[in-house]
1. So how many residues does region 136-146 have that are surrounded by fewer than 19 Cβ atoms within 10 Å (Cβ to Cβ) and assigned to a helix (DSSP H, G or I)?
2. Within region 41-76, count every residue that is among the β-branched types (V, I, T) and touching a residue at least 40 places away in the same chain (Cβ under 8 Å).
3. Where residues in region 262-294 are without any contact (Cβ under 8 Å) to a residue 12 or more places away in the chain and assigned to a helix (DSSP H, G or I), which of them is surrounded by the most Cβ atoms within 10 Å (Cβ to Cβ)?
4. If a residue must be assigned to a helix (DSSP H, G or I) and more than 21 Å from the chain's Cα centre (by Cα), how many such residues does region 96-109 contain?
5. If I ask for residues that are small (G, A, S) and surrounded by 22 or more Cβ atoms within 10 Å (Cβ to Cβ), which ones from region 104-124 would you list?
6. Can you pull out the residues in region 34-78 that are crowded, with 21+ Cβ neighbours inside 10 Å and among the charged types (D, E, K, R)?
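Read-outs throughout are calculated quantities, based only on the coordinates presented, and are distinct from any laboratory measurement. All figures in this text were calculated on a predicted structure; none of them were measured in a lab. Cβ sites come from the backbone with ideal geometry, for glycine too, and all protein chains shown count toward neighbours.
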Amino acid sequence: MDTRLRKQIAILSLVFLVGGSCLSAGGILSRRERLQCVAQAYPLMLSKKYAEASVLFEKALSEGARRGDQRRWLPLAGKCYEMEGLFQKALAAYQKAYQLQPKKMERCSDLARIYAKVDLRDQAAELYQKILKKYPRDKGTLLQLADLYEKLHKPDEAEGYLRQYLVLEPQDLVAQDHLSRLEEQQGYWRESARRLETVMAQRPSSEGYVRLGRLWFLLGELELSTNAFRKADNLGATSPSVLFYQALIAWRQHDLSLASVRWEKLRNGTGNKDMVPFFLGLVSLERGEKAEADRFFQDVLSLTDSDLLKSMSEHVRQVISSPGDVVPSGKNGSVPK
């Protein structure tokens, strides 16, 4: 607790001890009664008894409260409401506080934070921009803006703020991972993979290595992808996507037996219920087993909700049933898109 707040509590507590309860018999409260309410509310707030504190702040802020007192107490009432999860009440309190002190950055920050919580992201971003204009190196504001613009589906702007933050905090691995995800969203897969590789070297995780393996696979770097998925396995990865991509890698490398084993294992487990028979059908087709391939593609049609998978499966079945040689899908190692 800072010294100023301790002094305020001490003064208000003295008022409370001298004056007794803040409860009035009715009508407009006197300033002495309001101070008594606040004196009781402060320790309750510090003890995280926000519901009880907010009732007392409401009394202190009731009709007739001085403008100066409103400036001091509205942010505190807003904080109590926010901690209770009463975001609309918090929003009303913070808006009033901001109207009273629009140039005070603390009021901007309070209102921006609650705007973000109630999904008024454009308004939140506008206020954070105002803060950043005054404090261009404020790391918290840069992170807030990066998060907001990502949620507003503006990854390029989010990336810009995150890069500004990383100039100030280059060793923040959480932010580096976040930037890697933004790069991935925008299709900068190689940059994303290289950044994620650096993060994994310092803070390895099964989830991170699964994502790294997928990125390397999309880039056609099958050895690097295999290595990343192996590390994910070693760290106890449980996601079925690991086995799925390992099967895809085997298929791309024309190891049809290994690909089949891995896809069959997936088929008997969970996840990818429609994709697995599709790829098993492709493997059977490459082996020249048309009847077996057709059976797998029928399974896809009965399982999938994907119009793309349905279309591809129906097309391959038509090709299978046509006279002449079949050109197997994926023969060149490409993955159907």
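1. Result for region 136-146: 2.
2. 0
3. Looking at residues that are without any contact (Cβ under 8 Å) to a residue 12 or more places away in the chain and assigned to a helix (DSSP H, G or I), I get E292.
4. The first filter runs over region 96-109 and keeps only residues assigned to a helix (DSSP H, G or I), leaving 96-100, 105-109.
Among the residues that remain, those that are also more than 21 Å from the chain's Cα centre (by Cα) are: 96-100, 105-108.
Number satisfying all stated conditions: 9.
5. Of everything in region 104-124, those that are small (G, A, S) and surrounded by 22 or more Cβ atoms within 10 Å (Cβ to Cβ) turn out to be A112, A124.
6. Selection gives R34 alone.
Table: residues versus (1) over 30 Å from W263 (Cβ atoms); (2) surrounded by 20 or more Cβ atoms within 10 Å (Cβ to Cβ); (3) in contact with a strand residue (DSSP E or B) (Cβ under 7 Å, 6 or more places away or on another chain); (4) not basic (K, R).
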residue	(1), (2), (3), (4)
Y161	yes, yes, no, yes
E207	no, no, no, yes
G213	no, yes, no, yes
S225	no, yes, no, yes
